[in-house]
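Data block below; observations after.
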Number of protein chains: 2
Amino acid sequence: MNKEINFLTAELSRLIGQSKVIADLEERKKYGSDHTEDFCFPPTVVVKPESTEDVSVVMKWANQHEIPVIPIGARTGLSGGILATKGGIGLSLERLNKIIHIDENNLQVITEPGVITEILQNAVAEKGLFYPVDPSSKGSCFIGGNVAENAGGARAVKYGVTKDYVLNLEVVLPNGEIIWTGANTLKNATGYNLTQLMVGSEGTLGVITKIVLKLIPQKQYTNLLLVPFYYMDEATSAVAEIFKAGIVPSAMEFMEIEAINWTAKFMDIPDLNLPENTEALLLIEIDGNNTEVMFSEAEKLMQILENFTIGEIMFAETEEHKSAFWKMRRNIAEAVKTFSVYKEEDTVVPRYELTRLLKGVKEIGAKYGFNSICYGHAGDGNLHINIIKENMPDEQWKNVVPKGVKEIFELTVSLGGTLSGEHGIGWVQRNFMPIAFNKVQLQLMKGIKTLFDPKNIMNPGKIFPDNN
Amino acid sequence: MNKEINFLTAELSRLIGQSKVIADLEERKKYGSDHTEDFCFPPTVVVKPESTEDVSVVMKWANQHEIPVIPIGARTGLSGGILATKGGIGLSLERLNKIIHIDENNLQVITEPGVITEILQNAVAEKGLFYPVDPSSKGSCFIGGNVAENAGGARAVKYGVTKDYVLNLEVVLPNGEIIWTGANTLKNATGYNLTQLMVGSEGTLGVITKIVLKLIPQKQYTNLLLVPFYYMDEATSAVAEIFKAGIVPSAMEFMEIEAINWTAKFMDIPDLNLPENTEALLLIEIDGNNTEVMFSEAEKLMQILENFTIGEIMFAETEEHKSAFWKMRRNIAEAVKTFSVYKEEDTVVPRYELTRLLKGVKEIGAKYGFNSICYGHAGDGNLHINIIKENMPDEQWKNVVPKGVKEIFELTVSLGGTLSGEHGIGWVQRNFMPIAFNKVQLQLMKGIKTLFDPKNIMNPGKIFPDNN
């Protein structure tokens, strides 16, 4: 191992400079973990390129020597996409952190991948522009990681996910070649869509080094409502009814009561005075530029909600109040993590099927003896299921729980859904892929992988099941 | 030739039934043309499958015998995508014309490919739902063709293009295997995006047999304005200014005055009383559910327009008036075609660059001695350039004009744009592909083609340059 570390360190230092190559164990450990359970697989060496050319030089050399390369963003991923399960070079994009150009004439931004999503959002907001995709980790995740995983977030229900904003990408291919995938245009019917093939490819096809994103005009106002439901299934039914009525909220978040309870143990949350029987809550945001219109939408919304058994609707009256509600929602996963190791599943179904999915998850949990905390982007049918380890014996965690997870995915697919809405497959979900795809589909995907990366050096061992 | 026709007819009749196989020359000629110039390349035989299974049987057999198959929609294409330039089986999807299910619970529709786009739009509108993508040919084109070409249209500027609505596709692969490309979900981070790889692949990777589309709630009202500009470049500058001001019209169409003049020769158009110096017009639509908001947007719009040298703004007061304006816009290409053979280029640039593109097109036309009529979806930076043959000698049309076209594309790409915004590359633009893509990019695309279609039977000779 040490010999390999020394060889990689020496060669890579020679190629791109010593200051960009790190072999220290503590540092490597840091780059061996993301937010997925408690896994840690350190890369053999970490490199921190400072330009596309650096990336190209590293890739070309690694390809010649058939050494795995794992592109690393801010390590906030939830599917273990950056775990160096086969060792190799951890290629951190953190120094490619410049916003290159905010193009106010064309409502676009060109950025490097290592920019924190929220910093990018704030920078374009200063020009009156809006990049709406906001993963819960927006304060720490990188825009490059968002592209690699096709990240979503709360506002996807109205504004779409990362893929809907990516116009063009600069990519370093495994052999070191640098390409652009498309053009900086809103429309493009010129050859195959390489851009959308890269989005969500989880670092398995190439390294994203520049990103061109579409922007839209900033919205001026938001209303935020928190609605307590006495029955969990009514909360998910309400979601479908709201859309059927023609209302498109800018966020529509579901939280079962346990998610709030765990979060309250972790941090100060607003005093909610929830009715005792509350089973679940919906956090609903409406945005716009005209307060009257938004008010009438909110009224229409409340008419629909009155058909369900709900407690008093809470309006966030101030910006502080709004951000407290959002902070509560965004911190669920971290709160759960503080108290227990957990597996997070990222199921997604057509949204009307949420009720059936949720009911099934609870039944499967009972059958296999695990508790789950469910919450997520109900407007998109995207349910995050945190399966809690707590005091469960390792044996059960390792051998029994995965059977339940398999059943959850089978249920999801049978409802017209699929394995991941926004977290990607990465390492932890790879062996569930055959539930969503048959051999023919997997072979096509594997064929694409081989086409881009014939030596299988780009983030190997991810997405595809072990025996594929 | 006759022997081949007889062989194909007999074998295919045996496989899927005689009533689905047509060898008649007149009929074959009909299926050998779309709306691209005056080309006609009849397939050796036409088949009209009535189910996915029929398509699968035909593909499997054709693959075994290495016979080209050209998927054919409504033959309204503008890049020659359905021309059977290498003969083979013309596979018309016209009998796969059922809307399978309008899912009001999930705001989705599942449809077969042979449904006319406008019929689909009307069917979902009856349920209060909206499929916004409206190519000019919406009254005759098929939704399957729209997916294959990633069609756009006037409303793309606000609502996006076909790709933004396709959630999932059933596809028959060249070897006859039937797959779905994804799931019926709004979000999907599960493996590579095969769905978006199929969208816009122009019938070269497989046959689309079922389509799942996202729908949105119907908008209630539209305002429509026609604005005459004294200077063409001011019309294109105004487009960028309007977006910079935060207004997102539901359509923003540019027409140079010649386009209107030719259309007026072809059909009755509303009496426009245009100022004599009018060089170009913008047709601007604003939609919404609140007339007051729309009125205030229109006012803001007019404030911006006042900064330019314009004639009196015309408001379409009635539904008839609106549809007369739209009919005028939609019929430009057909009007031009009535009077002359023409080449239609489908250039697209970042929208602020439209002024430079337009100026360049006119200069290149002067240099190579051709007239052009320019119009298109200015909000997307998508400029249709109709190059008119009229009395030009064939020699010049065949050998000189393409040099000018090449220069137009070089200019387009130098402005950050690309060859086609919404018509596809098809047959007529294939040899311009190296202007937009280098060898590495083309090899990746070609590799994808070979992966899906190793025997190159799916619509061969399209998209890729001859020497690639």
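Values quoted throughout were computed directly from the atomic coordinates according to the rules given, and no laboratory measurement underlies them. Just so it is clear, the structure is predicted and the values come from calculations on it, not from any experiment. Neighbour counts are summed over all protein chains in view; Cβ atoms, including those assigned to glycine, are modelled from backbone coordinates with ideal geometry.
A few remarks follow.
- Taking amide H atoms as placed 1.01 Å from N in the peptide plane, the amide H of A:ASN168 lies under 5 Å from those of A:VAL212, each 5 or more residues away in sequence or on another chain.
- The stretch B:90-143 and the stretch A:52-86 have Cα centres lying 44 Å from one another.
- In straight-distance terms, cross-link reach from B:LYS455 covers every one of the aspartates and glutamates whose alpha-carbon lies under 14 Å from its own, apart from those fewer than eight places away in the same chain; here that gives B:GLU66.
- Between A:GLU241 and A:ALA366, the modelled label-to-label distance comes to 2.5 nm, taking each label 7 Å out from Cα in the direction of the beta carbon.
- Counting all C-alpha pairs of chain B, share separated by more than 32 Å (%): 40 percent
- Residues whose placed amide H lies under 5 Å from that of B:GLY77, excluding near-sequence neighbours: B:HIS35
- Projecting the Cα positions of B:ALA298, A:ILE72, A:PHE315 onto the charge dipole of the protein assembly as shown (unit charges on Cβ atoms of Lys, Arg, Asp and Glu, taken about the Cα centre) puts A:ILE72 furthest along the positive direction.
- If both residues of a DSSP beta bridge must be in the stretch B:1-92, then about 20% of such bridges are antiparallel.
- Here the stretch B:62-121 carries DSSP beta bridges of which approximately 50% are antiparallel, counting only pairs with both residues inside.
- Vicinal HN-Hα couplings computed from phi for the stretch A:439-453 (Karplus, 6.51 cos²θ - 1.76 cosθ + 1.60; Hz; Gly/Pro x): 4, 4, 5, 5, 5, 4, 5, 4, x, 5, 4, 5, 4, 6, 9
- If only the Cβ of Lys and Arg carry +1 and only the Cβ of Asp and Glu carry -1, the dipole of the protein assembly as shown around its Cα centre is close to 3060 debye.
- The angle between the Cα long axis of helix B:2-16 and the longest principal axis of the Cα atoms of chain B comes to about 90 degrees, rounded to the nearest 10.
- When you work out D = kT/(6 pi eta Rh) for the stretch B:181-247 at 4 °C and 1.567 mPa s, using the Kirkwood radius from C-alpha pairs as Rh and the Stokes-Einstein form, the result is 77 µm²/s.
- Estimated FRET transfer efficiency (A:ALA264, B:LYS455; beta-carbon r; R0 60 Å; 0.05): 0.45
- One quarter of the surface of the convex hull around the alpha-carbon atoms of the protein assembly as shown equals 38.2 nm², the direction-averaged projected area.
- Between helix B:354-368 and chain B there is an angle of about 70 degrees, using the helix long axis and the longest principal axis of the Cα atoms.
- With the cut-off at under 16 Å, measuring from each backbone N in the stretch B:158-186 to a point 7 Å along the Cα-to-Cβ line of B:LYS98 picks out B:170.
- Around the amide H of B:ILE100, modelled in the peptide plane, lie the amide H atoms of B:ILE110, B:THR111, B:GLU112, all under 5 Å away and 5 or more residues distant in sequence or on another chain.
- Over the stretch B:139-252, relative contact order from alpha-carbon pairs under 8 Å, at least 6 apart, %: 33 percent
- The stretch A:33-181: C-alpha gyration tensor shape, a/c 1.5 cut-off, then a/b vs b/c: oblate
- Within chain A, helix-based [θ] at 222 nm, where runs of 4 or more DSSP H residues each add -39,500 (n - 2.57), nearest 500: -10500 deg cm²/dmol
- Counting Lys and Arg as +1 and Asp and Glu as -1 over every other residue whose Cβ lies under 12 Å from the Cβ of A:VAL413, the net charge comes to -2.
- Kirkwood hydrodynamic radius of the stretch B:99-217, Cα pairs, Å: 14.1 Å
- Full extension of the chain segment joining B:GLU26 with B:LYS127 gains 32.3 nm, where the gain is 0.36 nm per residue of separation less the Cα-Cα distance.
- Percent breakdown of C-alpha pair distances by 5 Å bin, ordered from the shortest bin, for the stretch A:325-468: 2, 9, 18, 20, 19, 14, 10, 6, 2, 0
- Seen against the Cα atoms of chain A and their longest principal axis, helix A:52-65 is set at about 70 degrees.
- Table column - 3J(HN,Hα) (Hz), the stretch B:313-321, Karplus curve with 6.51, -1.76, 1.60, x for Gly and Pro: 6, 9, 9, 7, 7, 10, 4, 5, 4
- Long pairs among B:LYS214/B:LYS322; A:LYS337/A:LYS367; B:LYS86/B:LYS265; A:LYS48/B:LYS439, criterion Cα-Cα beyond 32 Å: B:LYS86/B:LYS265
- Computed extension gain for B:ASN438 through B:PHE339, at 0.36 nm per residue and net of the alpha carbon distance, reaches 31.9 nm.
- For the pair the stretch B:408-468 and the stretch A:221-240, the centres of their Cα atoms are 48 angstrom apart.
- Label 7 Å beyond Cα on the Cβ vector: B:LYS406 copy-to-copy distances, nm: 6.0
- Karplus (6.51, -1.76, 1.60) ³J(HN,Hα), θ = phi - 60°, over the stretch B:248-257, in Hz, Gly and Pro reported as x: 10, x, 7, 7, 8, 9, 9, 9, 7, 4
- Placing a label point 7 Å from Cα along the Cα-to-Cβ direction at B:SER340 gives distances to the equivalent points in the other copies of 7.5 nm, listed shortest first.
- Peptide packing for A:329-335, A:27-33, B:100-106 was compared via the average number of neighbouring C-beta atoms within 10 Å per residue; ordered from the highest value, the list is A:329-335, A:27-33, B:100-106.
- Among chain A residues, the one whose Cβ is nearest the axis of the rotation from A to B, given with its distance rounded to whole Å, is A:GLN196, 2.
- When the protein assembly as shown is described by a simple charge dipole with +1 on each Lys and Arg Cβ and -1 on each Asp and Glu Cβ, the residue from A:THR412, B:VAL47, B:THR263 located farthest towards its positive end is B:VAL47.
- Cβ-vector label at 7 Å, B:GLN18, separations to other copies in nm: 8.6
- Most to least packed among B:376-387, A:273-284, B:291-302 [average Cβ atoms within 10 Å]: B:376-387, A:273-284, B:291-302
- Separation of alpha-carbon centers, the stretch B:300-344 and the stretch B:272-294, rounded to whole Å: 8 Å
- For the stretch A:322-394, the Kirkwood radius over C-alpha pairs fed into Stokes-Einstein at 20 °C and 1.002 mPa s yields D = 163 µm² per second.
- Coordinate range of the alpha-carbon atoms in the stretch B:227-379 per principal axis, descending: 49, 33, 27 Å.
- Computed lengthening from B:ASN105 to B:LEU272, 0.36 nm per intervening residue step minus Cα-Cα distance: 55.7 nm
- Quotient of the Cα radius of gyration of the stretch B:1-92 and 2.2 N^0.38 Å, N being its number of residues: 1.00.
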